[in-house]
Amino acid sequence: MFTVACLVLSGDIMNKTLPSAQRPFLQTVADLMFSNPFDHEVSEIEALTGLSLGEGSTEHFYVLLKPKLESVMTTLAQQGVNGLSDLASSDDRHLYMAANLFLIYDRYIDDLDALIAQQIKEPERRLKVKFSKSAFQDLAQLGLDNTQSEKYFALFYQLRRAYLFINRELTGNAACIKRLRRDLWNNVFTSDALLYVNNLWSRMEDFSTLLLGETGTGKGAAAKAIGCSGLIPFDVESQTFKAKFTESFVAINLLEYPEGLLESELFGHTKGAFTGAISQYDGLFKRCNAHGALFLDEIGDINISIQIKLLKVLQERRFSPVGAHDICRFSGRVIAATNRNLNELREAGEFRHDFYYRLSSDVIELPTLRERLEQDPKELGLLIESLMERLTGQPSPAMASDVLEKLQRSIPPDYSWPGNVRELEQAVRRTVLGREYTGEYIPREKLPVWVESTMAGGLTANELLSAYCSSLYRKEGTYEKVAAITGLDRRTVKKHISAAL
Ligand SMILES: Nc1ncnc2c1ncn2[C@@H]1O[C@H](COP(=O)(O)OP(=O)(O)OP(=O)(O)O)[C@@H](O)[C@H]1O
């Protein structure tokens, strides 16, 4: 339950009760206010509330509830209920508070969106939140003290960021992608938002997350959505949030660093710690702020000694820069991702069990594009629309349907999209440039094209390797097998295959 029970102000007269006719609706609002917005279909809300939004509506359910809620609040005010202190029972105060928080949040949604957009435009600027004064007045009028107002104002900002980032970064309508958005929301707020609000919101650091899935399925996008959605406290005096969410997400592709450099990239080093360490260097753990998340991509590719060091940070929250005796604390969250099979790596002794368990407070699997298209064939068109919007900076439905039509003509109907959404992005770009995209799958009759180019001397060595590795990858299905056949190491194989997408 809310902390409203402690809001009883001495000397106040608390003699009112909520009319029983309004209670069921207010209970529904309270339940929805703290539920996962990606968990509800509009039809379900309509059934719960008896309200109607109209067929096919994609509006957020807030829109549906708002007019009725406003009218209920006006009726209550006419009956003398104007704040929490007017109500006698803690149950009534809980319902009244949830309803009002709902309306106050809704009142500032446009301001919050503008603030978020401005921060994205000016990632390094600490922005003054001009509407905070009026929001704090609303919260005080409801009956919240300063500490509680600060808490709920920070929560509003967090709710809105999470909603926008999860919605924007991971578009799609297939059941598996809806489930993904729901899982990501729960990852930020837990499945019990009241528990989160009352107990957990400043203790999420121990909830590390493992994102699994094929290349290009959106693991990086999902990690960014989580990282940008952490709780950031508000400073009333300066009217600013205490950190910028644009600096709350720090990512590293562990494959990009040779072993020797990786440790210092992660933990930093002191001047003179090793030959070439000409000055002190702050590693990523130090640069990631306490309200954010560090994203460790390709976690399945690091050696045991780095696994042990990372395990120590996860367990003890402490680390030392290379060459230093000082102990630094890390207070952010850790998100890790891989497209490798960690169970196989664990069985082979290449990935430590204790590290795996410490990393996986939450494990989220990203669906492949194949799975998405199987579940909902309209998904391709929807994704192309969203990718076109990203490309052009505005909704471009006509261009998107043109691209869809061309792609449907050029790729086989059962094409498996081995590079997932990243490959689709490239396919869209290529089609926009007026070139045909036939997919990574090369039909038999087209096979000689690159073979011919090779014979004619039309390919560079890198292009040849990319084409060869890609064709092996299609046949063998894993980077490891391609590496074994070509004698290249896995990183090089992956680099060549990615270059071909
Ligand atoms: N559901 C989605 N909706 C919109 N864009 C998406 C979606 N999934 C992935 N993308 C886009 O596809 C591209 C590749 O995604 P991302 O880099 O997150 O994949 P990944 O799984 O981390 O790949 P890798 O394992 O190769 O690092 C990004 O530009 C991302 O924004």
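The values are calculated or read from the model by the stated rules, or taken from the named source; none is laboratory data. Quick caveat: nothing in here was measured; it's all calculated off a predicted structure. Cβ sites come from the backbone with ideal geometry, for glycine too, and all protein chains shown count toward neighbours. Calculation scope for accessible area: heavy atoms of the full protein, side chains included, ligands and nucleic acids excluded. Shrake-Rupley method; radii C 1.70, N 1.55, O 1.52, S 1.80 Å.
Using only Cα atoms, tell me the angle between helix 490-500 and the longest principal axis of the chain; keep it within 0 to 90° and round to the nearest 10.
80
Could you tell me what percent of the accessible area of the chain is made up of carbon and sulfur, with a 1.4 Å probe and every protein chain present?
On the way: 11950 of 24130 Å².
Solvent-exposed carbon and sulfur of the chain make up 50 percent of the total.
With point charges of +1 on the Cβ of Lys and Arg and -1 on the Cβ of Asp and Glu, referenced to the Cα centre of the chain, which listed residue (Asn187, Leu261, Gln119) lies farthest in the positive direction of the dipole?
Selected residue: Leu261.
Non-local amide H neighbours of Ala293 (under 5 Å, H modeled in plane, Pro and chain starts lacking H): which ones?
Residues meeting the criterion, in which the H sits 1.01 Å from N, are Phe249, Val250, Arg333.
Roughly how many Å² is the accessible area per residue of the stretch 141-234, as a whole number, for a 1.4 Å probe?
32
Assign one of three labels to the stretch 116-184, namely rounded, prolate or oblate, based on the Cα gyration tensor with a ≥ b ≥ c the square roots of its eigenvalues; rounded applies when a/c is under 1.5, prolate when it is not and a/b is larger than b/c, and oblate otherwise.
Values: a/c = 3.61, a/b = 1.66, b/c = 2.18.
In terms of gyration-tensor shape, oblate.
Note down the magnitude of the dipole of the stretch 372-432 about its Cα centre, charges +1 on Lys and Arg C-beta and -1 on Asp and Glu C-beta and zero elsewhere, to the nearest 20 debye.
Taking the Cα centre of the stretch 372-432 as origin, the dipole is about 220 debye.
If I take R0 = 30 Å and measure r between the Cβ atoms of Arg435 and Arg370 in this structure, what FRET efficiency does the formula 1/(1 + (r/R0)^6) give, to the nearest 0.05?
Efficiency for this residue pair is about 0.80.
Between Ile166, Phe330, Thr17, whose Cα lies farthest towards the positive end of the dipole of the chain when Lys and Arg beta carbons carry +1 and Asp and Glu beta carbons carry -1, centred on the Cα centre?
The one lying farthest along the dipole's positive direction is Phe330.
Once the dipole of the chain is set up with Lys and Arg at +1 and Asp and Glu at -1 on Cβ about the Cα centre, which of Leu391, His94, Ile252 lies farthest towards its positive end?
Comparing the listed Cα positions along the dipole, Ile252 ranks first.
Work out the length of the dipole vector of the stretch 171-367 about its Cα centre, built from +1 on the beta-carbon of each Lys and Arg and -1 on the beta-carbon of each Asp and Glu, and round it to the nearest 20 debye.
In total the dipole reaches around 420 debye.
Between rounded, prolate and oblate, where does the stretch 163-316 land on the alpha carbon gyration tensor, with a ≥ b ≥ c its root eigenvalues, rounded for a/c under 1.5, else prolate if a/b exceeds b/c?
oblate
How high is the relative contact order of the chain, in percent, counting Cα pairs under 8 Å that sit 6 or more residues apart?
Numbers: 683 pairs, mean separation 65.3, N = 501.
That works out to 13 percent.
Could you sort out which of Lys151/Lys286; Lys242/Lys378; Lys128/Lys312; Lys244/Lys271; Lys178/Lys494; Lys178/Lys312 sit more than 31 Å apart by Cα distance in this structure?
Lys242/Lys378; Lys128/Lys312; Lys178/Lys312, as the Cα separations exceed 31 Å there.
What figure in square angstrom, to the nearest 10, would you give for the accessible area of Ser89 with a 1.4 Å probe?
Surface accessible to solvent at Ser89 totals approximately 50 Å².
Provide, for q = 0.11 Å⁻¹, the log10 of I(q)/I(0) from a solvent-free Debye sum over equal Cα point scatterers in the chain.
Calculated log10 I(q)/I(0) at the listed q: -1.06.
Quick one: accessible surface of Ile384, probe radius 1.4 Å, all protein chains present, in square angstrom to the nearest 10.
Accessible surface of Ile384 is approximately 0 Å².
State to the nearest 20 debye the size of the charge dipole of the chain about its Cα centre, where the only charges are +1 on K and R beta carbons and -1 on D and E beta carbons.
On the way: 57 positive and 65 negative charges, 190 e Å.
With Lys and Arg at +1 and Asp and Glu at -1, about 920 debye.
May I ask you to derive the FRET efficiency for Glu70 and Ile308 from their Cβ-Cβ distance with R0 = 51 Å, giving the value to the nearest 0.05? Write down the numbers at each step before the final one.
On the way: r = 57 Å, r/R0 = 1.12.
The pair Glu70/Ile308 has a calculated efficiency of 0.35.
Give the whole-number value, in cubic angstrom per residue, of the convex hull volume spanned by the C-alpha atoms of the stretch 376-420.
So the per-residue hull volume is 78 Å³.
On a 0 to 90° scale, report how tilted helix 146-169 is relative to the longest principal axis of the chain, with both axes built from alpha carbons and the result rounded to the nearest 10.
40
Suppose R0 equals 41 Å; then what is the FRET efficiency for Asp489 and Ile327 from their Cβ-Cβ distance, rounded to the nearest 0.05?
Computed FRET efficiency for Asp489 and Ile327: 0.70.
Tell me the angle of helix 175-189 to the major Cα principal axis of the chain, expressed in degrees between 0 and 90 and rounded to the nearest ten.
Result, in degrees: 60.
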